1. Against the condition away from every other protein chain (no Cβ under 14 Å), open to solvent by less than 20 Å² (accessible area, probe 1.4 Å) and part of a helix (DSSP H, G or I), how does C:Ile226 come out, does it pass?
2. What are the residues in the range B:205-235 that are touching a helix residue (DSSP H, G or I) at 6+ places or on another chain (Cβ under 7 Å) and in a loop (DSSP other than H, G, I, E, B), if any?
3. Filter the range B:110-151 for residues that are farther than 21 Å from B:Ala45 by Cα, facing another protein chain (nearest Cβ under 9 Å) and assigned to a strand (DSSP E or B) and give the result.
4. What residue, of C:Leu51, C:Leu23, is open to solvent by 20 Å² or more (accessible area, probe 1.4 Å) and touching a residue at least 60 places away in the same chain (Cβ under 8 Å)?
5. Tell me, which residue of the range B:247-261 that is more than 9 Å from every other protein chain (Cβ to nearest Cβ) and outside any loop (DSSP other than H, G, I, E, B) is least open to solvent (accessible area, probe 1.4 Å)?
6. Where the second residue is of a type in the set (Gly, Ala, Ser) and modelled with pLDDT of 95 or more and the first is closer than 15 Å to A:Ser135 by Cβ and lies in the range A:151-167, which pairs have Cβ atoms under 7 Å and are six or more apart or on separate chains?
7. Has the range A:80-89 got any residue that is surrounded by 24 or more Cβ atoms within 10 Å (Cβ to Cβ), in a strand (DSSP E or B) and within 14 Å of chain B (Cβ to nearest Cβ)?
8. Return the residues of the range C:159-194 that are assigned to a loop (DSSP other than H, G, I, E, B) and open to solvent by less than 30 Å² (accessible area, probe 1.4 Å); say none if nothing qualifies.
Amino acid sequence: MSAPGGTGFLYPFLDAAERDAGPLLEDLARSAEAKAAESAALRANVLAASEDELSAVGLAMATRFDAGGRLLAMGNGGSSTDAASLVTLFGDPPAGRPLPARSLADDLAVLTALGNDVGFEVVFLRQVIAQVEPSDMVVGFSTSGGSKNLLLAFDEACERGCLTVGLAGYQGGQMAVSPSVQHCFVVPSQSIHRIQETQAALSWRLWEVVQAALRPLGPS
Amino acid sequence: MSVGTAAQSAAGPAGALDAERGAAGAGGLPPGFGVDVAGAALALARRFAHGGTLWCFAPAWPAHAHHVAVEFVHPVVVGTRALPAVAVSAEAGVAGLRTLCRAGDALVVVASSEEPAARRALARAPAWGLTTIWIGAGPRPAPGAADHVLWWEGEVPSQAAHTGRFVLSYHLLWELTHVCFEHPGLLEEPQVCSGPACVTCGDEGRLVEVLRLGEGGAVLVRAATGLEWADASLVEGVSPGSLVLVHAGSVLTVLAEGSGE
Amino acid sequence: MRFVDEYRDPAAARALVRRIATLSNGKRFAFMEVCGGHTHTIYRHGIEHLLPDGVELVHGPGCPVCVIPMGRIDDAIAVAEQPGVLFTTFGDMMRVPGSSGSLLDAKARGADVRFVYSPLDALRLAVDNPGREVVFFAVGFETTAPSTAVTLRRAKAEGVSNFSVFCNHVTIVPPIKAILDSPDLRLDGFLGPGHVSTVIGQRPYRFVAEQYGKPLVTAGFEPLDILQAVEMLLVQCAAGRADVENQYTRCVVEEGNPRALAIMAEVFALRPHFEWRGLGFISQSALRLADAYADFDAERRFAVPGVRVADPKACQCGEVLKGVIKPWQCKVFGTACTPETPIGTCMVSSEGACAAYYNFGRLHREAALSVGARA
């Protein structure tokens, strides 16, 4: 049942008579390879360009962890899961020392209470006000760089003396220019997926630097 | 057949990213991964097209289960449809999944091949009538442990979970699944069987899960086709949750719990 | 590898296909799958098209319906047509032709013939219909015999007097031995039956390796299982080994199911010999009810003709079952003998080698013929 009137070539998606999945599967496999190659290239470029700042941020974070600081991560949607992954990596690492880390998107009671009673823009801000100390570190994931609730939380955290780190995509959005985001790693891509994949690699690298820079435990 | 590149890091998992920084533009997928994720995407699209729900389970890394679910429910690309996908928490586990899932659904698991809860869930999935996709790293699961196995074989699971390997895997799965919706003719389940198979001559043995014990050795079991009664007087150690093989109304054997095979 | 895309775990299947090609290394191998379920999987999933030209799967006598001789069908129909009888049977038995029609024909003539899924369903019919004589047509290998045994023990315990069994259970090991003794056969190994082995375990197959020097690998029923078992056979061949191995470890354990074996020993006795369609008489290859269960034996309760009927002349089921010829090489395949009008039993059950080939293989017949020509 091709589209009538010879328009089938224009609207192949109307063609329900397609039965051989072979060509589609070949296309999909090629597409997967191409996307993965794009992802790998982006990751390599961003890691190379960010190495110096990653080292600096990692050292600063290690110093804060040594002094009893805690890591607080935040993000919306898929980025909240990337924040949760970062928290797992720091808090329950595959190797090295577990460090105090938690996600501000974890507690559904707090999140829904603030979101419902006040507004979703303050769900992270109010937690920062209530819980954050000057020695803490606040890390936020936003592919657009423009999430209002992250920006408000960054402002407050910065004001309190925290170390603030942002991971953004596209051109970095507000996070790239906000003075409250002391370090902003921008993944220059138009694809949210490719951005998130590279943000994961940045998180891993940051964790590696921190672990290497930590002062040994116990009295010297 | 395989369009994968051989650009796997030779430096081992620990130095994977270091090595990659020196190899910009490398494909980075394990050999055959592209073909595997293509097949998984088509299978998943077929389940969605027939009203199935995608259950997402990552007992050791719950964030990945949530990421997969939000990917499908709230797509980042304009014009793509929202699809039913739900993360099952590690606390809910196999018991939660058992209660929630229905025959015709799909299950994506992000876990190492050693993860006990993942193995228990996947071993039961045929009895629940689920199409299964297993994303992971490290030693490959036994052959046939899931319908589709998307694997990063040369990597350490606890590292692959954080370097973006798994994120890339389910991003590709999501992107390719939506391409399949542009091919409605291919979303019909393939018709490979022509005619009923016979219980005896086919030496039939159906994998089912015991739901509860009845009287006189009878057990109520859950099969992909629905609930039924079977006689369990020929076997020992059957309890609710046991995976068993039924032939002509009799339980012939009890499978090792969650062997994953 | 178009078929592979629809398999469970296609990645593992592709790796196995590559391994099989490497291991076979252009040499010729013939392996027999003795189980009808395997034959069904092989045809349904096009496994033969994935194997190298030299690796041939020979379809054995593993369909218990296909091997029931015509005379036994005539006996069953004679019982079914007696007044007051409610005759029960598994689905595929309904269409198997006797010398004058099938049970389905008897049903059309007015006999009360019903399809059941389990012998326990037949017993339930007896309890629910105390005024009727309910007879169960028991057929199947060691996989099915335990269900019949459980049913008979329950019938005896509950004193159900209007229930009996027309026992045609056969055993899988004797025909394997008969095939190994056949002079016109060249096999390099066997795929052992999967679900039969959940009952009998692995020990009964040891003679295949120890006395005949052939490897045997018990296999499951997914395409991946078959491929893995073929790979395991080739590994043995390459190493010059002949062992009994188990691919289907998720369901089959070495000692089988001792409880099932014990109840079979209680309820059944070996027949001195039994006729297999196409294979002739094979000694100690079938079961009858033990004397303690004589009251439930339909052969003793009803007068059965017990006449031996020769197989149809044109039909070459015997040679197909022994793997001497391929289904399409039979004189009547696809012409006089089709699933709609079967002459031989191999065309009746969908697991029969001929019906399986007819249903799934005919589109590829040209290709298959060229392979056959090389054979």
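1. No: the conditions fail for C:Ile226.
2. Residues satisfying the conditions are B:Gly205, B:Ala224, B:Ser233, B:Leu234, B:Val235.
3. Within the range B:110-151, no residue meets the criteria.
4. Going through C:Leu51, C:Leu23 in turn, just one is open to solvent by 20 Å² or more (accessible area, probe 1.4 Å) and touching a residue at least 60 places away in the same chain (Cβ under 8 Å): C:Leu23.
5. Top of the filtered list is B:Val251.
6. Final answer for the pair search is A:Cys158/A:Ser180; A:Leu163/A:Ala60; A:Thr164/A:Ala157; A:Thr164/A:Ser180.
7. no
8. C:Val160, C:Asn162, C:Thr171, C:Ile172, C:Ser182, C:Leu187, C:Pro193
The values are calculated or read from the model by the stated rules, or taken from the named source; none is laboratory data. These numbers were taken from a predicted model, which means no experiment stands behind them. All Cβ positions, glycine included, derive from the backbone under ideal geometry; neighbour counts span all protein chains shown. Areas reflect the complete protein model, heavy atoms only, side chains present, ligands, DNA and RNA absent. Shrake-Rupley method; radii C 1.70, N 1.55, O 1.52, S 1.80 Å.
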